[in-house]
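Coordinate-derived values only; no laboratory data. In this text, all values refer to a predicted model and were calculated from it rather than measured experimentally. So basically every Cβ, Gly included, is an ideal-geometry build from the backbone, and we count neighbours across all protein chains shown.
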């Protein structure tokens, strides 16, 4: 069963992608993300996942960099973002070699 943080991370990612797809004004998208959580660690974790997937495969994860940027603007911890991005890219490289 997913824990509360997993659900929050999924909500952050989905909300960021939806607002990017809908071309929502940036300040409104940030407000929507901050309504889910203002925790910089959770925001950073979500940003890092998106950025790491993008770094691993920018074609299939083309939106990942924009998702990460939006989450960073919403208050993601940059150190958490970078650490998680590196971990995600490494994990995907191991699991899904090019």
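May I ask you to compute the full-extension gain from residue 57 to residue 93, defined as 0.36 nm times their residue separation minus their alpha-carbon distance, rounded to one decimal in nm?
Extending this stretch completely gives an extra 12.0 nm.
For the chain, what does -39500 (n - 2.57) per DSSP helix run (n ≥ 4), summed and divided by total residues, give at 222 nm, in deg cm²/dmol to the nearest 500?
-24500 deg cm²/dmol
Distance between Cα centroids, the stretch 10-48 to the stretch 56-98: provide it in whole Å.
Between the Cα centres of the stretch 10-48 and the stretch 56-98 lies a distance of 14 Å.
Please determine, in degrees from 0 to 90 and to the nearest 10, the orientation of helix 4-21 with respect to the longest principal axis defined by the Cα atoms of the chain, where the helix direction is its Cα long axis.
That helix lies at roughly 80 degrees to the long axis.
Suppose each label sits 7 Å from its Cα in the direction of the beta carbon; what would the residue 79-residue 31 distance come out to in nanometres?
About 3.2 nm, to one decimal.
Which angle from 0 to 90°, rounded to the nearest 10, does the C-alpha axis of helix 40-56 make with the longest principal axis of the chain?
40 degrees
If packing is taken as the mean number of other Cβ atoms within 10 Å per residue, what is the order of 59-72, 78-91, highest first?
59-72, 78-91
Quick one: which of 41-49, 17-25 comes out on top by average Cβ neighbours within 10 Å, and what's the full order, highest first?
Top of the packing list down: 41-49, 17-25.
How far is helix 64-73 tilted, in degrees, relative to the longest principal axis of the Cα atoms in the chain, given as a value from 0 to 90 rounded to the nearest 10?
Taking Cα atoms only, the helix is inclined about 40 degrees.
Taking 0.36 nm per residue of separation and subtracting the Cα-Cα distance, what length does fully extending residue 5 through residue 39 add?
11.2 nm
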